[in-house]
Amino acid sequence: MRSSLLRISDERLSSASGPLLSLTGLVSGRNIGYYNAARGLFQTRLRYPIIAGFVHNRSADNRQLTTDAFMPAVNPEILVWARETAGMSQGEAARKIVLHDSRNVTATDKLAAMERGQKEPSRSVLSRMARQYRRPLITFYMSGPPRKGDRGADFRTLDQEQFDTHHHLVDALVREVRSRQSMVRAVMEAEREAKRLPFVGKMQGIDLLSVHTSDAIDAICQEFNLELPAQYYSQPNANNAFGLLRSKAEAAGVFVLLKGNLGSYHTNLPVDVFRGFVISDRIAPFVVINSQDPPSAQSFTLLHELVHLLLGDTGISGNIGGTDREMFCNSAASECLLPSVELVRLISGRNRV
């Protein structure tokens, strides 16, 4: 089941077709039950009766979802919230959703009228908004703006310019990941496949000043069935080495995603702003790694985030960690890949030469 759910979590929930159609990956063979559970989840969580019915079309080759939907009026507060969280001004948004000036009204004024509730956006305009604001179309029919996406702890050290430039992209990424994680957990619970993973929070509450990184390393090797660094360096290249670590984490129950943007290079997130994100859920833990990083750096980030899982942390990491917790995770990941004793031996050997 976890492999099926990993395929779902690799699909983009931010597409204009929305989360309901992203469930089509579940509808195949024995996974019909997972689809039904997830379908029920979305129907019950939305406050409006958006989905009047589903038609399950069977054919010899595939199964498709269609909706017979009644869509209520759009709350203008949703339009404002979606644009602002996408980091766009009204003028920029009007251009990107292809509103045109008319004889007496500018494109910006047309958008402003929609956001004041004086003009109802057409379905085509909403579809363009969904694409440009990077929101599922169904979002625009919610009763009101949701609460801000919870990043958890922020372990990064950023200057104000970096924060101002990229915070809306980071928020969008966090929202998307949390949506995936919430859906995956709900499907697992509905199918009675949920079980608590003992390693999540295994080291929660410890005093980092009194514990050695070797404790975290021993826990990683034990919980994820690893022999480090020997197994890592036995791989033929960095891609295979990362693949080994990822497969071990996934086999233990961690959902590992590679994601460095929101679907296009225009939304690339630099590694000094976002390197990794972890959700320490005891049933469906998620680790997200910036795909802009090279494989060797991705391996380090994965180990780093696994230490956060042991500590029970949920949060976002960047290129520079200034907190005690972040430095502990950095030290443990470094020791996993290059133990201090090995580093001393290498330096000593080089000096002798």
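On full extension of the chain, what length is gained from ARG196 through GLU84, given 0.36 nm per residue of separation minus the C-alpha to C-alpha distance?
Stretched fully, the ARG196-GLU84 segment lengthens by 36.6 nm.
Using only the alpha carbons of the range 188-250, what is the convex hull's orientation-averaged projected area in square nanometres?
Projected over every direction and averaged, the Cα hull of the range 188-250 covers 6.0 nm².
Mind giving me the FRET efficiency for LEU209 and ASP154? R0 is 22 Å, r the Cβ-Cβ distance, nearest 0.05 is fine.
0.55
Can you tell me the FRET efficiency between TYR265 and ASP109 if r is taken as the Cβ-Cβ distance and R0 is 25 Å, rounded to the nearest 0.05?
Working: r = 32 Å, r/R0 = 1.28.
According to the calculation, E is roughly 0.20.
Which listed residue (ALA252, LEU269, ASN239) has the Cα farthest towards the positive end of the charge dipole for the range 178-272, taking +1 on Lys and Arg C-beta and -1 on Asp and Glu C-beta about the Cα centre?
Sorting the options by dipole projection puts first LEU269.
Students often check this: by mean Cβ neighbours within 10 Å, which of 230-236, 121-127, 197-203, 329-335 ranks highest, and how do the rest follow?
Values: 230-236: 12.4, 121-127: 15.9, 197-203: 17.9, 329-335: 21.7.
Descending mean neighbour count gives 329-335, 197-203, 121-127, 230-236.
Applying 1/(1 + (r/R0)^6) with R0 = 35 Å to the Cβ-Cβ distance of LEU338 and HIS168, what FRET efficiency is obtained, to the nearest 0.05?
0.45
The numbers here are math on the coordinates, done by the rules we state, and not lab data. Fair warning: this is a prediction, and the values are worked out from it, not measured in the lab. Quick reminder, even Gly has a Cβ in these numbers, built from the backbone with ideal geometry, and neighbours come from all protein chains shown.
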